Amino acid sequence: MFGPEPGHFALALACVLALLQFVVPLWGAHRGNARLVALAPGLAFAQCLALAASFLCLVISAVRDDFSVQNVAANSAAAKPLLYKITGVWGNHEGSILLWALILGICGAAVASFGRGLPAILRGRVLAILGGVSCGFQLFCLWTSDPFDRVWPAPMDGQGMNPLLQDPGLAFHPPILYTGYVGFAVPFAFAIAALIEGRVDAAWGRWVRPWAVAAWCFLTCGIALGSWWSYYVLGWGGYWFWDPVENASLIPWLTGTALVHSAIVVEKREGLKIWTVLLAIATFSFSLSGTFLVRSGILNSVHAFAQDPARGVFILALLAVVIGGSLMLFAWRAPSLVTGGLFAPLSREGALVLNNILLCSICAVVVTGTMYPPFMQLLAGRTISVGKPFFDAATIPLTVLLLAFMAFGTMLPWKRARLGAVLPRLLVPAIAAVIATVCAIWLLSGLLPILCAIGAVWVIAASLMDLAQRVSLFRVPLSASLTRARALPRSAFGAAIAHIGAGITILGLCGMSQAQHAIVEVPVGHTERLAGYDWTLENVRAMPGPNYQATVATIVVRHNDRIITVLHPSRRDFSSQNQMTTEVAIRTNLISDLYAVVGEHHGSGPDQTYILRLHYNPLAPWMWLGGLVMAIGGGLSLSDRRLRVGAPRRARTSSGVLAS
């Protein structure tokens with residue numbers, strides 16, 4: 001019942017339903033047939049159920065060790081732990097594409113379920129656009145990346161998954177990251193529907209913003225979790241290498257952040273309409289482009305799943321249809337959108353525009369640095385490398401400017417502001433920035449880390465001050481402040497918390513710029529000194545694992561002859577894949593990390609030595625804590641009742657008919 005053939009049939013059925021979901025509502029809206037438009041939600045639910053059944057069949061095939069399925073034979077093994085048999089389903093190209101399609105189907109079902117308050121025509125068009133994109137990915141699955149392909153004769157055992165991916169982080173990182181990627185399909189669908197209708201207003205902004213915020217929260221968590229995985233699994237002591245595939249996730253995050261802020265202006269002031277529509281198209285387009293880059297073989301990375309040009313050609317064709325078609329529609333219809341919401345440069349709208357410009361400038365730098373090498377190789381046959389020095393030198397100054405202006409945005413009124421009324425509110429953040437300047441000069445080296453640390457403290461202090469001003473803290477009795485805090489919209493708290501999270505992440509990055517490390521070759525019993533700590537290699541022993549053999553080291557870390565911690569880094573030998581991996585040992589107190597990796601050994605007997613990589617990483621946990629805080633801020637904004645119910649009714653047209 002849940003074998004490969006039923007899974008393949010369910011995937012094919014989902015593809016047919018997606019095609020119907022694309023064609024029927026659009027035709028119904030064009031012909032003014034309400035019955036055809038009303039079929040869209042049911043088709044979305046049916047497609048989601050078919051995709052869920054297909055994905056469940058693939059999971060069951062992996063759990064049952066059905067090595068007659070090529071995907072299972074190539075990425076699983078009988079000795080693999082159950083958790084990794086399940087998570088290994090999306091740890092490969094075919095399974096990841098099916099997961100992508102499933103999440104897209106879930107997004108369509110979510111719009112059908114939570115969009116009951118939308119005008120019927122608009123909801124039908126949004127679901128139709130989602131159905132069309134979903135149909136494209138399911139055709140990709142069926143045509144070039146079928147996860148249910150059979151192999152005959154079936155092997156007795158599978159090849160096993162990449163040992164680097166045999167980690168609990170894999171159980172959460174890809175689904176969360178994909179949900180962020182795919183989630184931006186909903187604002188994209190709203191943007192295309194608005195272009196077809198020729199109308200963007202405050203109600204449209206209210207409907208789009210929750211979906212954009214939700215996708216942004218998932219993408220933030222996915223990027224943070226992936227960075228954490230790189231930090232504690234790969235064993236190189238870092239967290240972000242400006243890997244092209246890492247950049248492929250950062251690019252839509254930057255434009256998605258701009259989209260979230262731009263949608264606020266549409267909702268509150270009916271301004272930046274064309275810009276917001278373009279950002280919605282660009283963000284999802286970048287998500288699709290990242291998929292193309294990873295799976296076409298253009299970019300090589302530890303994250304890349306496939307090196308198959310045929311798959312790349314299919315995705316390139318899909319990109320041409322989705323991105324090219326949407327941009328052509330935008331070029332045709334955007335001039336007809338009525339602009340509105342005029343505002344002075346010194347206003348909240350002006351601050352959000354500046355925010356958008358800086359975010360998109362950073363995005364342009366990352367896109368250029370990521371795509372320049374492959375284009376140069378394609379056009380001129382030259383192999384060049386664009387790495388960390390370029391990205392740091394080009395993006396950090398723009399980030400400093402972004403931090404400098406972030407504090408102003410929430411303190412400015414809409415439409416027009418007076419500088420004299422705003423400056424007194426920035427006094428406390430300015431004092432905090434002065435104190436941060438003294439501390440940063442004392443603790444940090446390098447101009448850019450110092451400026452970033454000052455900017456981070458400035459943003460955190462300004463966000464706290466904004467909340468204090470809103471509840472009149474210290475100006476009225478505490479009970480009155482608490483009453484005002486309870487009446488304050490959750491979105492206000494969410495925005496402040498998200499900005500605080502950004503500041504915390506920046507402080508973590510500044511701390512990591514001061515990290516100390518050493519790579520040494522030592523015998524058992526030797527003590528190495530690093531960052532004021534004594535690191536002693538006490539012993540090394542062998543330890544068997546479920547599908548590997550491990551060499552485990554014991555490293556005792558002392559400070560002033562007092563034992564701080566005992567670390568147990570290991571090195572694992574996966575004989576079935578003929579591959580070695582490292583298991584990092586980390587001791588954290590949320591202020592700094594003591595980080596150790598054991599490498600190869602040389603010699604034998606009493607002369608045997610081991611390679612150790614030792615790191616002292618100040619403020620490292622703050623990077624991922626800040627990402628979590630940002631996502632919590634976004635989630636708190638989503639919980640604001642005003643974003644879930646009570647969306648404003650669309651204004652009547654000149655003929656007195658309510659626009660749909």
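Among the residues of the stretch 535-578, those that are more than 33 Å from the chain's Cα centre (by Cα), of a type in the set (D, E, K, R) and closer than 17 Å to residue 610 by Cα comprise 538, 541.
Please determine whether any residue of the stretch 263-284 is closer than 28 Å to residue 114 by Cα, of a type in the set (D, E, K, R) and in contact with an Asp or Glu (Cβ under 7 Å, 6 or more places away or on another chain). Yes, the stretch 263-284 contains a residue that is closer than 28 Å to residue 114 by Cα, of a type in the set (D, E, K, R) and in contact with an Asp or Glu (Cβ under 7 Å, 6 or more places away or on another chain).
The residues of the stretch 599-612 that are in contact with a Ser or Thr (Cβ under 9 Å, 6 or more places away or on another chain) and either at pLDDT 95 or above or of a type in the set (Gly, Ala, Ser) (or both), listed by number, are 599, 603. The number of residues in the stretch 48-75 that are over 27 Å from the mean Cα position of the chain (by Cα) and touching a residue at least 40 places away in the same chain (Cβ under 8 Å) comes to 12.
Does residue 376 count as free of Cβ contacts under 8 Å to residues at least 12 places away in the same chain, among the hydrophobic types (A, V, I, L, M, F, W, C), touching a Ser or Thr at 6+ places or on another chain (Cβ under 9 Å) and assigned to a helix (DSSP H, G or I)?
yes
One residue is enough: does the stretch 509-526 have a residue meeting the conditions without any contact (Cβ under 8 Å) to a residue 12 or more places away in the chain and outside the structural domain of residue 78 (by TED's automatic domain parsing)? Yes, the conditions are met somewhere in the stretch 509-526. Sort out which residues of the stretch 214-230 are over 20 Å from residue 495 (Cα atoms), in contact (Cβ under 8 Å) with a residue 40 or more places away in the chain and out of contact with any Leu (no Cβ under 8 Å at 6 or more places or on another chain), and write them in order of number. Matches in the stretch 214-230: 227, 228.
Yes or no: the stretch 599-609 includes at least one residue that is buried (at least 20 other Cβ atoms within 10 Å of the Cβ) and in contact (Cβ under 8 Å) with a residue 40 or more places away in the chain. Among the residues of the stretch 599-609, not one is buried (at least 20 other Cβ atoms within 10 Å of the Cβ) and in contact (Cβ under 8 Å) with a residue 40 or more places away in the chain, which makes the answer no.
Quick one: is residue 488 within 30 Å of residue 393 (Cβ to Cβ) and either surrounded by fewer than 16 Cβ atoms within 10 Å (Cβ to Cβ) or not small (Gly, Ala, Ser) (or both)? In short, no. When we screen 212, 189, 194 for residues that are in contact with a Pro (Cβ under 6 Å, 6 or more places away or on another chain) and buried (at least 24 other Cβ atoms within 10 Å of the Cβ), the only hit is 212.
In the set (1) farther than 25 Å from residue 149 by Cβ; (2) touching a helix residue (DSSP H, G or I) at 6+ places or on another chain (Cβ under 8 Å), the condition left unmet by residue 71 is number (1). Check whether at least one residue in the stretch 569-585 is of a type in the set (S, T, N, Q), closer than 30 Å to residue 454 by Cβ, surrounded by 13 or more Cβ atoms within 10 Å (Cβ to Cβ) and out of contact with any strand residue (DSSP E or B) (no Cβ under 7 Å at 6 or more places or on another chain), and report yes or no. For the stretch 569-585, residues of a type in the set (S, T, N, Q), closer than 30 Å to residue 454 by Cβ, surrounded by 13 or more Cβ atoms within 10 Å (Cβ to Cβ) and out of contact with any strand residue (DSSP E or B) (no Cβ under 7 Å at 6 or more places or on another chain): absent. Considering the stretch 379-433, and only residues there that are part of a loop (DSSP other than H, G, I, E, B) and among the hydrophobic types (A, V, I, L, M, F, W, C), the residue that is farthest from residue 349 (Cα to Cα) turns out to be 384.
Of all residues in the stretch 429-458, those that are under 22 Å from residue 620 (Cβ atoms) have Cβ atoms under 9 Å from Cβ atoms of residues that are among the acidic types (Asp, Glu), 6 or more apart or on another chain, in 448/392. In the stretch 45-63 there is at least one residue that is over 25 Å from residue 180 (Cβ atoms) and in contact with a Leu (Cβ under 6 Å, 6 or more places away or on another chain). Of all the listed residues (520, 476, 540), the sole one being hydrophobic (A, V, I, L, M, F, W, C) and assigned to a loop (DSSP other than H, G, I, E, B) is 476. Every condition in (1) part of a helix (DSSP H, G or I); (2) over 27 Å from the mean Cα position of the chain (by Cα); (3) not hydrophobic (A, V, I, L, M, F, W, C) is met by residue 95 except one, and the failing one is (2).
Condition check: in contact with a strand residue (DSSP E or B) (Cβ under 6 Å, 6 or more places away or on another chain) and surrounded by 18 or more Cβ atoms within 10 Å (Cβ to Cβ). Does residue 61 satisfy that?
yes
You will find that of 116, 64, the residue that is closer than 17 Å to residue 151 by Cβ and among the basic types (Lys, Arg) is 64 and no other. Looking at the stretch 138-156, is at least one residue surrounded by 24 or more Cβ atoms within 10 Å (Cβ to Cβ), of a type in the set (Val, Ile, Thr) and not assigned by TED's automatic domain parsing to the domain that holds residue 314? No, the stretch 138-156 has no match at all.
Here's the yes/no breakdown for (1) buried (at least 24 other Cβ atoms within 10 Å of the Cβ); (2) at pLDDT below 85; (3) within 23 Å of residue 590 (Cα to Cα):
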{"residue": "225", "(1), (2), (3)": "no, no, yes"}
{"residue": "240", "(1), (2), (3)": "no, no, yes"}
{"residue": "247", "(1), (2), (3)": "no, no, no"}
{"residue": "276", "(1), (2), (3)": "yes, no, no"}
{"residue": "285", "(1), (2), (3)": "no, no, no"}
{"residue": "302", "(1), (2), (3)": "no, yes, no"}
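Can you name the residue in the stretch 568-598 that is modelled with pLDDT of 90 or more and polar (S, T, N, Q) and is also nearest to residue 519 (Cα to Cα) among such residues? Top of the filtered list is 570.
The values are calculated or read from the model by the stated rules, or taken from the named source; none is laboratory data. Values in this document were obtained by computation on a predicted structure and should not be read as measured data. Note that we place each Cβ from the backbone using ideal geometry, even for glycine, and neighbour counts take in every protein chain shown.
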